[in-house]
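The values are calculated or read from the model by the stated rules, or taken from the named source; none is laboratory data. Bear in mind that the values here come from a model prediction, so they are computed numbers and not experimental data. Using ideal geometry, Cβ is built from the backbone for each residue, glycine included, and neighbour counts are taken over all protein chains shown.
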Amino acid sequence: MNKKLFALLSVIMIASMALAACGGQKTEVPAATDEPTTAPTDAPTAEPTAPPTAEPTPIPDVPIATYDGTSLSVAECGNGYTGFIKSVVAQDANTVVFTLCKSDPAFLSKIAFSPFSIYPQEWIESTAGDETRTSEGLEHPVGTGPYMVSEWKRGESVTFTANPDYWGEAPAAETLVFRWSSESAARLLELQAGTIDGFDNPGPDDFATIQADSTLQLSLRPALNVFYIGMTNTFAPFDNVKVRQAIAQGIDRQRIVDTFYPVGSEVASHFTPCSIPNACDGDAWYDFDPAAAKALLAEAGFPDGFATKLYFRDVVRGYLPQVSSVAQDIQSQLKENLNIDAEIVVMESGAFIEESGAGRLDGLYLLGWGADYPHITNFLDYHFGQATQQFGAIPAAIYEPIALGATIADPAEAAPVYTEANNAIRELVPMIPIAHGGSAVAYRADVVNPQASPLTSESFFATDPGGRDVFVWMQNAEPISMFCADETDGESLRACEQVTEALYSYEINGTATHPALAESCTPNEDLTVWTCALRQGVTFHDGSTFDAADVVATFNMGLNIGSPFHVGNTNLWEYYDYLWGLMKKPGG
Amino acid sequence: MDQENKLQTLDAEGLSLKSVSLWQVTWRRLFRRRSAVIGMVILGVMVLIALTAQWIAPYDPLKVLIGVEDVKRREPPCIHLLGCPADKPQHIAGIDGNVRDEFSRLLYGTRLSLMVGFSTVTFAIIIGTVLGALSGYFGGWIDNIIMRTMDVLLAFPSLLLAIAIVTVLGPGLINALLAIGIVSIPSYARVVRASVLSVREMDYVSATRALGGSNMQILFRRILPNALTPLIVQGTLGIATAILDAAALSFLGLGAQPPTPEWGSMLGSERNQVFTAPHLVFLPGFAIMLTVLAFNLLGDGLRDALDPRLAHVS
């Protein structure tokens, strides 16, 4: 009897352990999804209690595109379809014509962006799984770039080998290795020890050390980014514009930049860095005025402040080099200036991006943006377009001028529109821009042509690691996946950029575009039809020949929500959605 | 007859003169051990600091000094006695990454660390004692269930298990304490069970049972007090482990959340400054080391002092 009972218990215990092991999918997420009552103040809940407006009943969108292998098109622009692209047609094997719904002055800058890299048609079809790309599709992209992925040791490194058939200049190093470490001190130690050839984002305190060391060199990266404090206006009390304005005036941004940012950084006068045309049209951001801020908060009904949370992910980015310190300073400023008790909540990076992007964070959050392509649309349209959810509901006063501005080519002509947009952002405060952060890249002294791209898209085929065969690069984090058509993470994009190419590309260490897989893309007069002559004789890593059908197939995969190949990693297709607009109409 | 009585009285008096309680013996032995005394002195100072932190700390540990004083971020220590210019404000342990006085934070950290140590160990001892006592006293299937569960808990590395628990509960000091408390239960349960197993067979326990004492009475009034000795030793050493584990969890960002002045989290947030601002890394580390060392010294001393086999040594 005793033995039987013991055996039964053992079986139950083993079964429950097996269940527990199989049931937990994500071990890294600190979000307490099941027990919010035991720790109400300690964990970000995955399903915050939101007012009814935050969770509308989802009505599935309707696909509207037709695709036949050489042509991807929608029947008409407007009528519920808000996207830019009317059709992508392969006129012949080497010519692709993009017909747009509205003129797009930033077409070349956008088309050069790495999520729009071209994949071979067969590969697109063969790696499309039921829900996501197959692991082959997520980890071993096939492109036309200077390097090919040879091995991805998860958690350790990605190894690339030179593409022997590359159409352009042959890579300087036969092998390229990507490694990562979240600790800037550890990255510096590796460089000093000579185990890596270059690394991204040295800690601001280490700039002087690197510059003083004759065996190392430092390349400063221009501040083409923005760090902001976000809030979601569907959650109280951030639904009250006065609360948002109060916080905007109650934070001493100069103090944050002076104390925590390296040389080359500046306080953000507008959301977009001023080196981009039209970025700084309109009034500059509020001055720091704690008395006015406190009065505004009292007017909003919170004379004694309130309690909230301050979410962030503990990862270093160029726009936020010392995230924990900055978070603590903002926490102390909120307390000191506005009597707002902000509890710090550190989230896992992927979960943080997902939750903030979907507008599910019920407090303040620290996030930023690095330019993907040097145009104001890359900043404003992505963050304040009508479809954006991360700040809650974007008011029409903001998204309407932004949508209009995106169709005007001449910066002078667009100035009044962007003045209106920037002033509306300042007035309605969907977020608080804090800083444009300068950052740097450190290399060993013998590395030739060191890169520090303002777009953080370093192309390592052009950098010679002092004659060595292997170039080892260390960045902040591991790529999330290498299917970059459906990624937004900069660390992932950089890895993809070694392997895949788009029709255009950005110049090394700069933002100007020049032809890549297209030899030219020429617009018609009103910038609505762009005809791209493709480069001939280019082959993909799998040996197939690059032609116009691959371009159409790639855009079909990214834009056509009705296509069976429209499967990615997160399936959000954020860049396709924000920069071109997915080919769909609202359902219902 | 008178003579006999007198002898008995003398014997009785002689006995009572010689008899000293176990605790007196223990104290005496403890004080003879230099390492234990050092441990006690350090701990005494720590407790004093913890109790008086708000009076002896020169600054509010959360106060950001930007605009208040002319100090720079991560400035090294400035001690007037050691030649720091008198016109500069004195900061014995320097300035931290958020421009706060590191020394005040270290002092307040003492309070937190001791609190962590005592509360987790108290929690673990209470639960562990109850489980171990029930297990040892009743035996059978109760023993099997409890001790096998304890074995399962012991099979995981304690810090990993604590990390897993905190991941489920969410990061925060209270959850970290709970996690550390839970993972240290098995060691106390085992110690108590072993003691109870040996004590319950003793004659005086049988005597109580024969007199009609209830199970609870026997367990809590006869057996447990006599099984206490190893628990004290284990508890003292356990405090050191608990402080270390809490610091480790905070270092990993799972324990105390900023801006709480907790040593592990102070160390963790400045870990990249080991070459540029070493004082911010080494001072909290040194504080953790000192406290853990003190508890270990005291624990070792107590173990020796309470061990009857070592009685002849004293």
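Filter region A:365-389 for residues that are under 13 Å from the mean Cα position of the chain (by Cα) and part of a loop (DSSP other than H, G, I, E, B) and give the result.
A:A371, A:D372, A:Y373
Taking A:F352 as meeting all but one of (1) part of a helix (DSSP H, G or I); (2) within 14 Å of chain B (Cβ to nearest Cβ); (3) over 24 Å from the mean Cα position of the chain (by Cα), write down the number of the exception.
Tallying (1) part of a helix (DSSP H, G or I); (2) within 14 Å of chain B (Cβ to nearest Cβ); (3) over 24 Å from the mean Cα position of the chain (by Cα), A:F352 fails exactly one: (3).
Within region A:132-150, identify whether any single residue is farther than 20 Å from A:P479 by Cα and assigned to a loop (DSSP other than H, G, I, E, B), and answer yes or no.
No, region A:132-150 contains no residue that is farther than 20 Å from A:P479 by Cα and assigned to a loop (DSSP other than H, G, I, E, B).
A:V417 is checked against (1) surrounded by fewer than 23 Cβ atoms within 10 Å (Cβ to Cβ); (2) in the same structural domain as A:A327 (by TED's automatic domain parsing); (3) touching a residue at least 60 places away in the same chain (Cβ under 8 Å) and fails just one. What number does that condition carry?
Only one criterion in (1) surrounded by fewer than 23 Cβ atoms within 10 Å (Cβ to Cβ); (2) in the same structural domain as A:A327 (by TED's automatic domain parsing); (3) touching a residue at least 60 places away in the same chain (Cβ under 8 Å) is unmet by A:V417, namely (3).
Taking region B:254-266, which residues are farther than 13 Å from A:S325 by Cα and assigned to a helix (DSSP H, G or I)?
B:W263, B:G264
Please work out if B:F103 is more than 14 Å from chain A (Cβ to nearest Cβ) and aromatic (F, W, Y).
yes
In the list A:V345, A:V315, which residue meets the criterion of being under 30 Å from A:A185 (Cα atoms) and within 10 Å of another protein chain (Cβ to nearest Cβ)?
Being under 30 Å from A:A185 (Cα atoms) and within 10 Å of another protein chain (Cβ to nearest Cβ) holds for just one of A:V345, A:V315, which is A:V345.
What's the total number of residues in region A:166-206 that are in contact with a Leu (Cβ under 8 Å, 6 or more places away or on another chain) and at pLDDT below 90?
Summing the residues that are in contact with a Leu (Cβ under 8 Å, 6 or more places away or on another chain) and at pLDDT below 90 in region A:166-206 gives 2.
With the condition kept exactly as written, say whether any residue in region A:438-450 is in contact with a helix residue (DSSP H, G or I) (Cβ under 6 Å, 6 or more places away or on another chain), crowded, with 23+ Cβ neighbours inside 10 Å and assigned to a strand (DSSP E or B).
Yes.
For region A:333-342, how many residues meet the condition of being within 12 Å of another protein chain (Cβ to nearest Cβ), in contact (Cβ under 8 Å) with a residue 60 or more places away in the chain and not in a helix (DSSP H, G or I)?
Of the residues in region A:333-342, 0 are within 12 Å of another protein chain (Cβ to nearest Cβ), in contact (Cβ under 8 Å) with a residue 60 or more places away in the chain and not in a helix (DSSP H, G or I).
Give region B:102-126 a look and list any residue that's more than 30 Å from B:L65 (Cα to Cα) and either crowded, with 24+ Cβ neighbours inside 10 Å or in contact with a Phe, Trp or Tyr (Cβ under 8 Å, 6 or more places away or on another chain) (or both), or say none.
B:G117, B:T120, B:V121, B:A124, B:I125 - these are the residues of region B:102-126 that are more than 30 Å from B:L65 (Cα to Cα) and either crowded, with 24+ Cβ neighbours inside 10 Å or in contact with a Phe, Trp or Tyr (Cβ under 8 Å, 6 or more places away or on another chain) (or both).
Do any residues in region B:146-170 that are more than 8 Å from chain A (Cβ to nearest Cβ) have Cβ atoms under 6 Å from those of residues that are at pLDDT below 90, where the two are at least six apart or on different chains, and which pairs are they?
B:V166/B:L254
If I filter region B:176-186 for residues that are touching a Leu at 6+ places or on another chain (Cβ under 9 Å), within 11 Å of another protein chain (Cβ to nearest Cβ) and in contact (Cβ under 8 Å) with a residue 60 or more places away in the chain, do I get at least one hit?
The answer is yes; a qualifying residue exists.
Select from region A:318-332 the residues that are assigned to a helix (DSSP H, G or I) and more than 8 Å from chain B (Cβ to nearest Cβ) and write down the one among them that is nearest to A:D304 (Cα to Cα).
Out of the qualifying residues, it is A:I330.
Kindly indicate whether any position in region B:88-97 is surrounded by 17 or more Cβ atoms within 10 Å (Cβ to Cβ) and charged (D, E, K, R).
Among the residues of region B:88-97, at least one is surrounded by 17 or more Cβ atoms within 10 Å (Cβ to Cβ) and charged (D, E, K, R), which makes the answer yes.
Please go through region A:173-201 and give me each residue that is more than 14 Å from every other protein chain (Cβ to nearest Cβ) and over 13 Å from A:E458 (Cβ atoms), ordered by number.
Once the filter is applied, which keeps residues that are more than 14 Å from every other protein chain (Cβ to nearest Cβ) and over 13 Å from A:E458 (Cβ atoms), region A:173-201 yields A:A173, A:E174, A:T175, A:V177, A:R179, A:W180, A:G194, A:T195, A:I196.
Somewhere in region A:272-282, is a residue surrounded by fewer than 20 Cβ atoms within 10 Å (Cβ to Cβ), among the acidic types (D, E) and touching a residue at least 12 places away in the same chain (Cβ under 8 Å)?
Within region A:272-282, not a single residue is surrounded by fewer than 20 Cβ atoms within 10 Å (Cβ to Cβ), among the acidic types (D, E) and touching a residue at least 12 places away in the same chain (Cβ under 8 Å).
For residues that are within 21 Å of A:H566 (Cα to Cα) and outside any loop (DSSP other than H, G, I, E, B), tally how many sit in region A:473-489.
Residues flagged as within 21 Å of A:H566 (Cα to Cα) and outside any loop (DSSP other than H, G, I, E, B) within region A:473-489 amount to 3.
Which one of A:R244, A:R179 is touching an Asp or Glu at 6+ places or on another chain (Cβ under 8 Å), touching a residue at least 60 places away in the same chain (Cβ under 8 Å) and of a type outside the set (A, V, I, L, M)?
A:R179
Residue by residue through region A:536-548, note down the ones that are crowded, with 17+ Cβ neighbours inside 10 Å and farther than 23 Å from A:V149 by Cα.
A:A548
Among the listed residues A:S453, A:S505, which satisfies the condition of being crowded, with 21+ Cβ neighbours inside 10 Å, within 20 Å of A:G318 (Cα to Cα), touching a residue at least 40 places away in the same chain (Cβ under 8 Å) and not assigned by TED's automatic domain parsing to the domain that holds A:A358?
Only one candidate qualifies: A:S453.
Based on this model, can you work out whether B:L298 counts as buried (at least 19 other Cβ atoms within 10 Å of the Cβ), in contact with a Ser or Thr (Cβ under 6 Å, 6 or more places away or on another chain) and in contact (Cβ under 8 Å) with a residue 60 or more places away in the chain?
Yes: the conditions hold for B:L298.
Could you list, in sequence order, all residues of region A:202-219 that are touching a strand residue (DSSP E or B) at 6+ places or on another chain (Cβ under 9 Å) and within 13 Å of chain B (Cβ to nearest Cβ)?
Scanning region A:202-219 gives A:P202, A:P204, A:D206, A:F207, A:T209, A:I210.
Could you look through region B:260-285, keep only residues that are in contact (Cβ under 8 Å) with a residue 40 or more places away in the chain and over 21 Å from the mean Cα position of the chain (by Cα), and pick out the one that is farthest from the other protein chains (Cβ to nearest Cβ)?
B:H279
This table checks each residue for (1) among the small types (G, A, S); (2) assigned to a strand (DSSP E or B); (3) at pLDDT 95 or above.
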| residue | (1), (2), (3) |
| --- | --- |
| A:E491 | no, no, no |
| A:A495 | yes, no, yes |
| A:E501 | no, no, yes |
| A:I508 | no, no, no |
| A:E525 | no, no, no |
| A:T531 | no, yes, yes |
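Within region A:248-262, can one find any residue that is more than 26 Å from A:P303 (Cβ to Cβ), away from chain B (no Cβ under 14 Å) and under 22 Å from the mean Cα position of the chain (by Cα)?
no
Of all the helices (runs of 4 or more DSSP H) wholly in region B:127-239, which have at least 2 residues that are more than 21 Å from the chain's Cα centre (by Cα), within 29 Å of B:Q24 (Cβ to Cβ) and not β-branched (V, I, T)?
In region B:127-239, B:173-199, B:203-210 are the helices (runs of 4 or more DSSP H) which contain 2 or more residues that are more than 21 Å from the chain's Cα centre (by Cα), within 29 Å of B:Q24 (Cβ to Cβ) and not β-branched (V, I, T).
Cβ-Cβ distance below 7 Å, separation of 6 or more or different chains: which pairs start in region B:244-259 with a residue that is within 12 Å of another protein chain (Cβ to nearest Cβ) and end on one that is of a type in the set (D, E) and surrounded by fewer than 22 Cβ atoms within 10 Å (Cβ to Cβ)?
Final answer for the pair search is B:G253/A:D314.
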